[in-house]
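A short reminder: the numbers here are calculations on the coordinates, not readings from a lab. None of the values given here were measured: they were computed from a predicted structure. Note that we place each Cβ from the backbone using ideal geometry, even for glycine, and neighbour counts take in every protein chain shown.
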């Protein structure tokens, strides 16, 4: 769970950085998108490294989901025995921890929509285009406010997922010591905020006319 989560977080940061190139204009953004297909060339065929990365990401997602289900099932089996003991101290759980399970389902649906919308071009509310820049700009026009709203809500859910997930991963990997609690929370909150804001800037800039 922690290792696959770390892989996905690193991918999100790289993907967010690439998305922000939209503020450099169409040529820069389309050039960035095209350069991804040439990663590793000529040692690998065109799109070769990109497909390797896609396979690694898909495997990470599937393993992450499997780990989540396995941990949920383990906790469910353990619950009846745990209920035999009284615990006087209440454990504080953040809102993010409550939304991990259901938030993960929404994130999965969002990823499918996101790929069909901005990668494969099967969903094109503003019209299809061979230009990644135009697909992004067309898809978040003000008249398609519902697309932007869904995107915003989904990205916020990603941020909540990251906030709790990063903290849990660091704890799992042995960093959860009392004197480090504040540092762990700061790291988790900082990364989740950066990723959330970074992903929200492009669609909101298009919707509000800052990018056209």
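Given only helices, namely DSSP H runs of n ≥ 4 each adding -39500 (n - 2.57), what is the per-residue ellipticity at 222 nm of the chain, to the nearest 500 deg cm²/dmol?
-23000 deg cm²/dmol
For the modelled label position 7 Å from the Cα of residue 208 along Cα-to-Cβ, which residues of the stretch 1-37 have backbone nitrogen atoms closer than 19 Å?
19-25, by backbone N distance to the label point.
What ranking of 23, 150 emerges when the number of other C-beta atoms within 10 Å of each C-beta is taken as an exposure proxy, fewest first?
Listed from fewest to most nearby Cβ atoms, that is 23, 150.
Let me have the relative contact order for the chain, percent, based on Cα pairs under 8 Å that are six or more residues apart.
For the chain, the relative contact order is 27 percent.
Order the peptides 201-207, 2-8, 71-77, 43-49 from the highest to the lowest mean number of other Cβ atoms within 10 Å of their residues.
Descending packing order for the listed peptides: 201-207, 2-8, 43-49, 71-77.
On C-alpha positions alone, give me the angle between the axis of helix 181-207 and the longest principal axis of the chain, in degrees, nearest 10.
30 degrees
What does the chain give for Rg and for Dmax, in Å, if only its C-alpha atoms count?
Values for the chain (Cα only, Rg and Dmax): 19.7, 64 Å.
Rounded to the nearest 0.05, what FRET efficiency is calculated for residue 183 and residue 7 with R0 set to 25 Å and r the Cβ-Cβ distance?
Once rounded, the FRET efficiency stands at 0.65.
Mind jotting down the distance between the C-alpha centroids of the stretch 18-58 and the stretch 107-130, whole Å?
17 Å
Can you tell me the 0 to 90 degree angle between the C-alpha axis of helix 2-19 and the longest principal axis of the chain, rounded to 10?
On a 0 to 90 degree scale, this one is about 30.
By counting other Cβ atoms within 10 Å of each Cβ, how are 187, 166, 107 ranked from fewest to most?
Going from sparsest to densest Cβ surroundings: 187, 107, 166.
In degrees from 0 to 90, rounded to the nearest 10, what is the angle of the helix 145-170 Cα long axis to the longest principal axis of the chain?
40 degrees
Calculate I(q)/I(0) for the stretch 7-46 by the Debye formula, one identical point scatterer on each C-alpha and no solvent, and give its log10 at q = 0.22, 0.27, 0.36 Å⁻¹ to two decimals.
Log10 of I(q)/I(0), two decimals: -0.78, -0.89, -1.02.
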